[in-house]
Amino acid sequence: MDLQELKEMIAGKLIENEPMKNHTSYGIGGSALAFIEPKSVKDLQLVRSFASNHIVPIYCVGGGSNLLVSDDGINGFVISLEKSFKKVLFHENTCYAEAGVKLSKLVKECIKRNFKGLETLIGIPGTLGGALIMNAGAFGNEISKYLVAVDILNDKGIVEQKSADEIGFSYRSSTFNKNDILLSAEFRLDKSSEIEIRKNRDSANQQRKSTQPLKYRSAGSVFKNPKEFAAGYLIDHVGLKGKSIGGAIVSDIHANFIINQDNAKADDVMSLIKLIRETVYKKYSITLELEITTLGFPEGTFNA
Ligand SMILES: Cc1cc2nc3c(=O)[nH]c(=O)nc-3n(C[C@H](O)[C@H](O)[C@H](O)COP(=O)(O)OP(=O)(O)OC[C@H]3O[C@@H](n4cnc5c(N)ncnc54)[C@H](O)[C@@H]3O)c2cc1C
């Protein structure tokens with residue numbers, strides 16, 4: 001496969017053997033075959049068809065703030081929309097935004113216009129695309145609540161619009177097809193008082209700062225909260241707060257955060273994940289489900 005050929009076909013950028021640690025909030029991850037920043041939908045279609053002709057898998061990522069990438073890297077093309085898919089437009093009560101825009105930027109634009117709804121999501125890192133795939137949420141609120149429709153590039157390279165009703169959203173999950181590339185989304189938001197919106201934002205900011213280890217590199221909550229208890233509570237109560245393996249450590253501020261404290265490897269984080277799951281299961285008979293997304297690991301690595 002001649003990557004130079006693809007490089008010359010697209011208007012965007014293609015970097016060969018790019019370390020994914022440069023593109024994850026963990027600062028962890030081996031190299032991707034190619035890291036591609038397309039300039040347009042046409043670029044995306046060209047990449048998709050080139051990849052399919054050469055039987056190379058493609059993975060679209062956002063800000064990498066929910067990702068654990070293996071030390072061996074990713075044997076595929078990684079696509080990032082962060083550079084060129086960043087438009088945000090408002091018309092009456094509708095907000096249209098492209099998937100590569102930072103979620104925090106989108107939230108700030110809504111707050112500026114006194115649109116209520118997204119302000120409690122202010123501190124969630126990453127892009128709009130990642131937030132929709134993950135159905136990101138905080139403090140009882142979720143991004144999908146305000147969604148009207150999305151545009152996606154499907155696995156055949158065709159742009160399709162889907163209404164929010166056609167997509168299933170639940171706690172930190174959505175039913176987008178595995179190969180869909182989310183291009184943009186439309187939200188309906190209601191106006192409210194500036195004071196109320198800013199109060200909600202400040203309270204969310206304050207709670208986040210006081211409960212999360214924000215000074216350190218992480219991917220946020222590693223596990224979803226089971227119905228019975230918060231994952232952090234369970235991890236704390238099996239005595240694993242502060243437990244470290246290699247350069248990774250279970251945060252002593254929030255036990256559901258595994259931090260990259262000192263040049264951690266993906267293997268260090270993976271070993272902590274396994275240890276936490278086994279220990280919590282032994283004591284509570286609860287299987288912790290991963291919230292973070294893992295890329296580049298052999299199938300079954302994270303089976304509970
Ligand atoms: C300090 C910290 C705090 C956090 N707090 C929260 C929180 O309060 N609530 C919460 O929900 N999350 C939280 N997170 C996790 C994370 O920020 C969210 O899941 C975020 O929405 C991920 O967005 P991203 O752009 O970084 O996605 P990525 O991590 O890059 O990707 C996540 C998933 O989305 C897919 N994806 C991304 N963009 C696209 C696209 N355009 N098309 C198709 N697929 C795509 C990826 O393939 C991957 O499967 C936190 C993380 C950190 C580091």
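The values are calculated or read from the model by the stated rules, or taken from the named source; none is laboratory data. Model, not experiment: these values are computed from the prediction. With ideal geometry, Cβ positions are generated from the backbone for all residues, glycine too; neighbour counts draw on all protein chains shown. Note: accessible area is taken over every heavy atom of the protein model, side chains too, but ligands, DNA and RNA are not part of it. Shrake-Rupley method; radii C 1.70, N 1.55, O 1.52, S 1.80 Å.
Quick notes
- Enumeration of residues in the range 32-68 that are away from the ligand (no atom under 13 Å from the Cβ), over 28 Å from Ala219 (Cα atoms), in contact with a strand residue (DSSP E or B) (Cβ under 8 Å, 6 or more places away or on another chain) and open to solvent by 20 Å² or more (accessible area, probe 1.4 Å): Gln45
- Evaluation of Asn135 against (1) under 16 Å from Gly220 (Cα atoms); (2) open to solvent by 30 Å² or more (accessible area, probe 1.4 Å); (3) modelled with pLDDT of 95 or more (one fails), failing number: (2)
- In the range 252-287, residue least open to solvent (accessible area, probe 1.4 Å) [restricted to those that are closer than 16 Å to Asn66 by Cβ and in a loop (DSSP other than H, G, I, E, B)]: Asn256
- Residue satisfying all of: in the range 189-210; part of a helix (DSSP H, G or I) and among the aliphatic types (A, V, I, L, M); nearest to Leu147 (Cα to Cα) among these: Ile197
- Residues of the range 167-184 satisfying the condition of being open to solvent by 40 Å² or more (accessible area, probe 1.4 Å) and not in a strand (DSSP E or B): Tyr171, Arg172, Thr175, Asn177, Lys178, Asn179
- In the range 145-166, residue least open to solvent (accessible area, probe 1.4 Å) [restricted to those that are within 14 Å of the ligand (Cβ to nearest atom) and free of Cβ contacts under 8 Å to residues at least 24 places away in the same chain]: Lys162
- Qualifying residue in the range 15-23 (condition: closer than 22 Å to Ala264 by Cβ, open to solvent by less than 10 Å² (accessible area, probe 1.4 Å) and in contact with a Leu (Cβ under 9 Å, 6 or more places away or on another chain)): yes
- When every residue of the range 285-292 is checked against the conditions, at least one turns out to be of a type in the set (Gly, Ala, Ser) and without any contact (Cβ under 8 Å) to a residue 12 or more places away in the chain.
- The range 118-144 residues that are assigned to a strand (DSSP E or B) and near the ligand (Cβ under 8 Å from one of its atoms), paired with ones that are open to solvent by 10 Å² or more (accessible area, probe 1.4 Å) and of a type in the set (Lys, Arg) (beta carbon under 7 Å, 6 or more apart): Thr127/Lys102
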